[in-house]
Amino acid sequence: MKTQRKEKKKLNKRDQLFPSFLLLLLGFGLTGSGMAHLLLLSSPLSISLCFFAWLQGFLVVHGNTNLTHSSFTPINRDLYHSSGDLMEEIKALVFRHPDRLTFDTIKSRNKGYSAEIAVVTYCRRSQETDDRPKFRILLSFGQHGRELITSELALRILSILSKEQFLPNLDPASLDHTLDKLLIKMVPMENINGRRIVEAGDLCERRNGRGVDLNRNWSVDWGKKEKDYDPYEENPGTAPFSEPETQIMRKVAMSFDPHIWVNIHSGMEALFMPYDHKNTTPDGVSSHQMKSLLEELNHLHCQRRCMIGSGGGSVGYLAHGTSTDYMFDIVRVPMAFTFEIYGDGAASSRDCFKMFNPTDFGTFNRVLNEWSAAFFTIFKLGPNQLGENYSKASVPTLDKWVSIDEYLDGYLVERSSRYGKKMEVLELGMQEIRTYFRLFLLSSVLLLFMFCSRISKGKCARPIVSAIAL
């Protein structure tokens, strides 16, 4: 998702040149004879640009093609579920296993745009373990619409948790002992509106249903733009949490209070820890614990081919407003990760489906098997990495959802020993102050310009009086 997107950024900027030039020509009414007149008066370079702009316009109108978002490899329907079919299969799985799985749908709306997110909760209901605190894990898949393989992995993990599928070399008794300690919430498809756009034919779309990158819409360092910022792909929204999807995910995270967070993507093979917005990793014990777990995963399941480190320090550019940085800094999740589970480095940057998703049966199954095993290793090693400290944390009320208004007004969900909410309010306040300060500076410059222009016009309008007496 990350390094390959750098190449795609350059391509997008180049591809957007001709449509922009075409619009410029149309804005001046340069069609037909007007175009010919311009060609007669232009330099050879302008003639070439005009010709190619006219040619692309002709192809778009008459050929019904999309040059900006072309894709070579279509979705393999024999391997991948549609979004609707996948969610129906998950619902059926939950229905067959009510003793360990529950299904909730959370909806949100903002300025005419609505979204819903399904949350599946796994918890073994055993009389022996109900009174003991659980180790809480929150997993999110499908944050970017074009990364279909991630939601397929969610379905595979749920099938293994419900014992309808099995991992080789995994002892069932040992697995049951591990799962007795866990409470797992999974979001199989965070960005279902964006996924539907991909299924409609725009296979390069990563944003949500109204063009916002959900992994740039969180409050930590929100809105900062690097030199290679791509406004098309990395649109952070109008404000932190402007999107219903991120509002829902924030509510889930704050109420659930996980010990481990993993945001699953595709585009390369990597195991990332904070930070995405700066070229450093956190200090202290938690950083060592995260790195130790990632190195074990890399050894056991990646054969040491996965990149490890901070997202910002490993891929050559910084990302601002990401969910993993928010989970670590604001929600105070002890272990927060971003996993990249697949990438085809040889694929063309226009061939988005192939770049982000396996296209053959063998690779498809290998990816799902390897990464399913990796997550069950996390289920086993995660509590050991944190020791017994997790048992001292407050146990969240699972069915108690907090509205965004209550949250911003100061409602704190059983977080007596955490300060995430205070930090987030301060973060949001600073963002607002910076926004208003920029507006103040802009309005001041405009007023000064208007004042100077008025003075200049006044001087020019005065009659010239000769200093010599006539």
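The values are calculated or read from the model by the stated rules, or taken from the named source; none is laboratory data. Note that the structure is predicted; figures quoted are calculated from it, not measured. Here the Cβ positions follow ideal geometry from the backbone for every residue, glycine too, while neighbour counts run over all protein chains shown. Accessible surface areas use protein heavy atoms only, side chains included; no ligands, DNA or RNA. Shrake-Rupley method; radii C 1.70, N 1.55, O 1.52, S 1.80 Å.
Table for the structure above
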{"quantity": "Relative packing of peptides 95-108, 150-163, 307-320 - highest average C-beta neighbours within 10 Å first", "calculated": "150-163, 307-320, 95-108"}
{"quantity": "Surface accessible to a 1.4 Å probe, F361 within the full protein complex, Å²", "calculated": "140 Å²"}
{"quantity": "Accessible surface of I260 - all protein chains present, 1.4 Å probe, nearest 10 Å²", "calculated": "0 Å²"}
{"quantity": "Prolate/oblate/rounded label for the stretch 133-249 (Cα gyration tensor, a/c 1.5)", "calculated": "prolate"}
{"quantity": "Trypsin sites (Lys or Arg not before Pro) restricted to DSSP loop in the stretch 168-239 with at most 14 other C-beta within 10 Å", "calculated": "K224, K225, K227"}
